[in-house]
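The values are calculated or read from the model by the stated rules, or taken from the named source; none is laboratory data. This one's a predicted model, so the numbers in the text were calculated from it and none came from an experiment. All Cβ positions, glycine included, derive from the backbone under ideal geometry; neighbour counts span all protein chains shown.
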Amino acid sequence: KEIGKGTGLGLSVAVGVVESHGGFIHIQSTPGMGTEFKVHLPALPAADEAAAAKKTGANLPQGRNEAVLLVDDEPGILKVISKVLQRNGYHPLVAPNGTEAVKIFLDHAHEIRLVITDYSMPGMNGFTLAEAIKKLDSGVPVIIASGLGDALDEAKLRQSGIQVVLKKPFDSEILLNTLGKIFQADFPEI
């Protein structure tokens, strides 16, 4: 990427996705020749394992048209998570950055029941956005999603009123179970 373009987390997220599926990435780089990435993934599970996994997905918590503000600077992530939310009974509102998210929140403050934001975004990062949301309405739960892993200070985030830190990559089951726990009670710590 050009200097100043992107957050530099692409490889980190790719490694996380591959490792979460039981695989690994082998990287070989030669100066002046380029870099080669080989992704190694395990074989597909047996048919009964896949059927069992599909069966457990049917029992996931469903929304009741709660408005969820979803913030991420990656259009593909916004699209996928938005579809998951919509298919499972939520009403997603999407923003490509923190500034747009604040505008949407101000326009829909009476509707929005939860905010899910990426941590690493150009301009206003997820932590700064969460602080701004909490100043506007301290009762709205905020979930931070991040591919940084252990580099985040989760204790600091929780002190700022952030209910949950979702480690990227996460699947729809983790997302829906997290939302189910938040909406079942009066937003307990998870």
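Brief remarks on what is shown
- The stretch 95-111: number of residues that are buried (at least 20 other Cβ atoms within 10 Å of the Cβ) and either of a type in the set (Phe, Trp, Tyr) or not in a helix (DSSP H, G or I) (or both): 2
- Test: residue in the stretch 135-156 that is in a helix (DSSP H, G or I) and surrounded by 15 or more Cβ atoms within 10 Å (Cβ to Cβ): no
- Residue in the stretch 76-92 that is surrounded by 11 or more Cβ atoms within 10 Å (Cβ to Cβ), over 18 Å from the mean Cα position of the chain (by Cα), at pLDDT below 95 and hydrophobic (A, V, I, L, M, F, W, C) present: no
- Matching residues in the stretch 145-190 - criterion: being aliphatic (A, V, I, L, M) and modelled with pLDDT of 90 or more: Ala145, Ile174, Leu175, Leu176, Leu179, Ile182
- The stretch 120-129 - residue that is within 20 Å of Phe170 (Cα to Cα) and either out of contact with any strand residue (DSSP E or B) (no Cβ under 7 Å at 6 or more places or on another chain) or without any contact (Cβ under 8 Å) to a residue 40 or more places away in the chain (or both) and, of those, surrounded by the fewest Cβ atoms within 10 Å (Cβ to Cβ): Asn125
- Residues in the stretch 112-132 that are in a helix (DSSP H, G or I) and over 22 Å from Leu176 (Cβ atoms): Phe127, Thr128, Leu129, Glu131, Ala132.
- Annotation: Gln28 fulfils all but one of (1) part of a loop (DSSP other than H, G, I, E, B); (2) at pLDDT 75 or above; the unmet one is (1).
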